[in-house]
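Trainee: Before I ask anything, here is the structure I am working with.
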Amino acid sequence: MAASPASSPSPAPAALSGPSASPASGMAHPDRPRVTQLRLAAFAGHRRAVLRLGPLTLLAGPSGSGKTSALRAYEALARLGGGAELGAVFPDPGACVPERARPDAQRRRGFRIGCTADGAEGPVHLDVAVQCEPELRIVGERLTADGVVLLETALRDPGRRTVQAAWHTAGSAPVTRAPLPDDRLGTPLLPLRVAGKTDGQRRVLAAAEQMVVALRSVFACDPRPGRMREPVPTGSGHLLGGCDNLADVLWRTRAECGRRHAQFVAAVRTGCAGPVEDVLAEPDAGGVVRALIDRGGGARTGLARLGYGELRYLALALVLFTGPGVLEVDPAGEVPAALQTLTVLADGFDRGLDVRQRAELLRLAARMCDRGHIRFLGAVADASWATGAAGAVGGGGPCGVTVVHLDP
């Protein structure tokens, strides 16, 4: 599956184009909302890029092909879906504007991103246009399903910090119109504005809920071994994206679920050199904890002695064995856990890993994705190793590996 982002100029994002058809997800859990397509109409180095996502997807391409920016766009949509303000999601919005984009007659420049969420309501499409200059604001949003526009917003008066919204009603009036703020996504605000009295309104609410649930519970990680080697203070026990506080998380998780910890130890044993009897954390002077590998026979190795690749492997394995209760994510608390899916975004998934380590992590990711409650999107420089290992991934499970090739 290929997607080749271009670098041609991009117009200001005043209008939104309709989404293309969503692919079949291939999942064994069709009622769990999940993102199956990411659209980068004009974002950073991407233009008209459509990335089709399976339960386990690898974005492959050389440096400069846009892997990191694609992950950033996915994470941004997730945060907007959770109700975050635009400025908090895009602290440097200018970096998201295509480099050769030229301002229009009103001096506007911006970017366009979108996604498709599959679930019980079928494919639901969300497209967002963001203006970065002269000021940051959402200038257009469209939520559609089966060719029906369920929500559409547009900037009518640049002097006001609102957009004009119209949502599907299918009652005595075909649509309802009202202003919405221009610094937040409108889709997660619909439950506060739509009464749900008509079939059309209920359809809008169901589609919005599917999109929001699919986008929420995203954990973006890129382990930083240099910070994992040091003792850390005890805190919330929630793993951070850089895995800096891995020792604190081990201090918590080892006692919470013995079975899952044993599986984690077995995975560490496969990917790290030397004998591994246990992986644990112990308190140290000054109210901190440090992580250790128990080698057996009373011998213990501190994480400070592990290599770069071993530390990244250990951290990524821990991410895959935990969930929203341990990772620093924003779960949809109002939705039953059985209908939620955690999406792990792993930048530089293969960075510093040897052949054995990356193959084992891919097998572990496939096992977790086969269960249906985790989806995985990782960035790799070259996916030829993954294609060769695909037959062994997941023990023949249904998800397999989707590889999306990006060209610079």
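The values are calculated or read from the model by the stated rules, or taken from the named source; none is laboratory data. All figures in this text were calculated on a predicted structure; none of them were measured in a lab. Please note: Cβ atoms are built from the backbone with ideal geometry, for glycine as well, and neighbour counts cover all protein chains shown. These accessible areas exclude ligands, DNA and RNA; they are computed on the full protein's heavy atoms, side chains included. Shrake-Rupley method; radii C 1.70, N 1.55, O 1.52, S 1.80 Å.
Trainee: Filtering the stretch 336-371 down to residues that are part of a loop (DSSP other than H, G, I, E, B) and in contact with a strand residue (DSSP E or B) (Cβ under 9 Å, 6 or more places away or on another chain), which residue is modelled with the lowest pLDDT?
Mentor: Applying the filter and picking the extreme gives Thr341.
Trainee: Kindly evaluate Arg254 against the criterion of being at pLDDT below 90, under 16 Å from the mean Cα position of the chain (by Cα) and charged (D, E, K, R).
Mentor: Judged against the criteria, Arg254 is not a match.
Trainee: Out of the residues in the stretch 101-110 meeting the condition of being open to solvent by 100 Å² or more (accessible area, probe 1.4 Å) and modelled with pLDDT of 85 or more, tell me which one is nearest to Gly140 (Cα to Cα).
Mentor: The qualifying residue nearest to Gly140 (Cα to Cα) is Arg107.
Trainee: Need the failing condition index for Gly110 against (1) in contact with a Pro (Cβ under 8 Å, 6 or more places away or on another chain); (2) over 18 Å from Arg39 (Cα atoms); (3) part of a strand (DSSP E or B), just the number.
Mentor: It fails just one condition, (2).
Trainee: With the condition kept exactly as written, say whether any residue in the stretch 211-222 is open to solvent by 30 Å² or more (accessible area, probe 1.4 Å), more than 19 Å from Arg39 (Cα to Cα) and more than 16 Å from the chain's Cα centre (by Cα).
Mentor: No, there is no match, as no residue in the stretch 211-222 is open to solvent by 30 Å² or more (accessible area, probe 1.4 Å), more than 19 Å from Arg39 (Cα to Cα) and more than 16 Å from the chain's Cα centre (by Cα).
Trainee: If Leu239 meets every condition in (1) closer than 30 Å to Ser69 by Cα; (2) open to solvent by 10 Å² or more (accessible area, probe 1.4 Å); (3) not basic (Lys, Arg) apart from one, which number is that one?
Mentor: (2)
Trainee: While we're on this one: Considering every residue within the stretch 74-97, establish whether at least one is assigned to a loop (DSSP other than H, G, I, E, B) and free of Cβ contacts under 8 Å to residues at least 12 places away in the same chain.
Mentor: yes
Trainee: Name the residues in the stretch 242-282 that are open to solvent by 40 Å² or more (accessible area, probe 1.4 Å), more than 21 Å from Arg367 (Cβ to Cβ) and of a type in the set (Gly, Ala, Ser), would you?
Mentor: Ala255, Ala273, Gly274
Trainee: Can you work out which of the residues in the stretch 120-130 that are open to solvent by 10 Å² or more (accessible area, probe 1.4 Å) and touching a Pro at 6+ places or on another chain (Cβ under 7 Å) is farthest from Pro93 (Cα to Cα)?
Mentor: His125
Trainee: Does the stretch 80-98 contain any residue that is modelled with pLDDT under 95, of a type outside the set (Val, Ile, Thr), farther than 27 Å from Thr341 by Cα and more than 22 Å from the chain's Cα centre (by Cα)?
Mentor: No, because not a single residue in the stretch 80-98 is modelled with pLDDT under 95, of a type outside the set (Val, Ile, Thr), farther than 27 Å from Thr341 by Cα and more than 22 Å from the chain's Cα centre (by Cα).
Trainee: The conditions are (1) more than 25 Å from Arg52 (Cβ to Cβ); (2) open to solvent by 60 Å² or more (accessible area, probe 1.4 Å); (3) of a type outside the set (D, E, K, R), and Val175 fails exactly one of them. Which is it?
Mentor: So the condition that Val175 fails would be (2).
Trainee: Another one. Going by the conditions given, is Ala317 open to solvent by less than 20 Å² (accessible area, probe 1.4 Å), modelled with pLDDT of 90 or more and either assigned to a loop (DSSP other than H, G, I, E, B) or in contact with a helix residue (DSSP H, G or I) (Cβ under 7 Å, 6 or more places away or on another chain) (or both)?
Mentor: In short, yes.
Trainee: Just checking, how many residues over the stretch 131-169 are open to solvent by 10 Å² or more (accessible area, probe 1.4 Å) and small (Gly, Ala, Ser)?
Mentor: Total meeting the criteria: 4.
Trainee: Quick one: Pro30 ticks every box in (1) at pLDDT 50 or above; (2) open to solvent by less than 70 Å² (accessible area, probe 1.4 Å); (3) under 19 Å from Leu215 (Cα atoms) bar one, so which box is it?
Mentor: Going through (1) at pLDDT 50 or above; (2) open to solvent by less than 70 Å² (accessible area, probe 1.4 Å); (3) under 19 Å from Leu215 (Cα atoms) one by one, Pro30 breaks only (2).
Trainee: How many residues, within the stretch 153-203, are outside any strand (DSSP E or B) and among the hydroxyl-bearing types (Ser, Thr, Tyr)?
Mentor: So the count comes out to 4.
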